[in-house]
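Report on the following structure.
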Amino acid sequence: NAGVTQTPKFQVLKTGQSMTLQCAQDMNHNSMYWYRQDPGMGLRLIYYSASEGTTDKGEVPNGYNVSRLNKREFSLRLESAAPSQTSVYFCASSESGGAETQYFGPGTRLLVL
Amino acid sequence: QKEVEQDPGPLSVPEGAIVSLNCTYSNSAFQYFMWYRQYSRKGPELLMYTYSSGNKEDGRFTAQVDKSSKYISLFIRDSQPSDSATYLCAFAGGTSYGKLTFGQGTILTVHP
């Protein structure tokens, strides 16, 4: 089992460019999440998907869109990147969206110039 | 007032020391209390999980919850260099059921 995988590992964008961060899990989990991690801010939830076909905003959704492509895959899209979106992005999954363990991917480091 | 407060450190201790990491929270609806460990350039992984006041032990790690004071702690006994990581407290419950609220993380270094 690979667990939660994320691509790419690292990306540099110019302001205004768009990109999609990919996430996939092979644990047959129902719920998936996107977080960003900034120094001194901990992990902040961007969007989550409680189950296939549903998505909801988290704490910091502005500037992002998501797609739950199927049960395995959950992508995060930046339509017009801004320097404030420079961060490390983590995808996570959990069995059923309750207060159970979330399993995290290795992260994508994004630099927006 | 932030929902969760965690001293970011950094904390540097000698090998073998007892480490105490702490978080306070303000949301009374939180019912589930977790500690995640994050090694450098890796994703967080769950270390301890509890849902009641009191202590929970797992090897060298003890998680303590005091709901009346809205305070949780993680103790590490006989700390090892391999414990060097960032430790994040996390909370769930109430209207945020299924969504975790994280502390800022405490950077811990255990030197030989």
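Bear in mind that the values in this text are calculations on the coordinates, not laboratory data. None of these values were measured; they are calculated from a predicted model. Cβ atoms come from the backbone with ideal geometry, glycine included; neighbour counts cover every protein chain shown.
In this Cβ point-charge picture (+1 for Lys and Arg, -1 for Asp and Glu), chain B has a dipole of about 260 debye about its Cα centre. Across the protein assembly as shown, the convex hull enclosing all Cα atoms gives 124 Å³ per residue. Sequence-ordered 3J(HN,Hα) estimates for the range B:8-21 from the Karplus curve with 6.51, -1.76 and 1.60 and θ = phi - 60° stand at x, x, x, 10, 10, 9, x, 3, x, 6, 8, 10, 10, 10 Hz, glycine and proline given as x. Relative contact order for chain B: 37 percent, from Cα pairs under 8 Å spaced at least 6 residues apart, divided by residue count. With K and R counted +1 and D and E -1, the other residues having a Cβ less than 11 Å from that of B:Phe33 yield a net charge of +2. Measuring between alpha carbons in the structure, every pair from B:Lys56/B:Lys99; B:Lys2/B:Lys42; A:Lys9/A:Lys57; A:Lys9/A:Lys71 lies within 31 angstrom. Note on B:Asn22/A:Thr7: beta-carbon distance plugged into 1/(1 + (r/R0)^6) with R0 of 25 Å gives a FRET efficiency of 0.10. Can you list the cysteines of the protein assembly as shown that have no other Cys Cβ under 4.7 Å away? By the Cβ distance rule, which asks for a partner under 4.7 Å, no cysteine is left isolated. For an R0 of 30 angstrom, estimate the FRET efficiency from the Cβ-Cβ distance between B:Lys56 and A:Met41 and round to the nearest 0.05. Calculated transfer efficiency: 0.60.
Across chain A, counting alpha-carbon atoms alone, Rg and Dmax equal 13.1, 38 Å. In this Cβ point-charge picture (+1 for Lys and Arg, -1 for Asp and Glu), the protein assembly as shown has a dipole of about 500 debye about its Cα centre. Projected label points at B:Glu15 and A:Glu59, each 7 Å from Cα along the beta carbon direction, are separated by 3.6 nanometres. From the largest down, the range B:25-112 spans 42, 27, 18 angstrom on the principal axes of its Cα atoms. Look at the dipole of chain A built from charges on Cβ: of A:Ser84, A:Val66, A:Ala2, the Cα furthest out on the positive end belongs to A:Ser84. Projected label points at A:Gln17 and A:Asn70, each 7 Å from Cα along the beta carbon direction, are separated by 2.9 nanometres.
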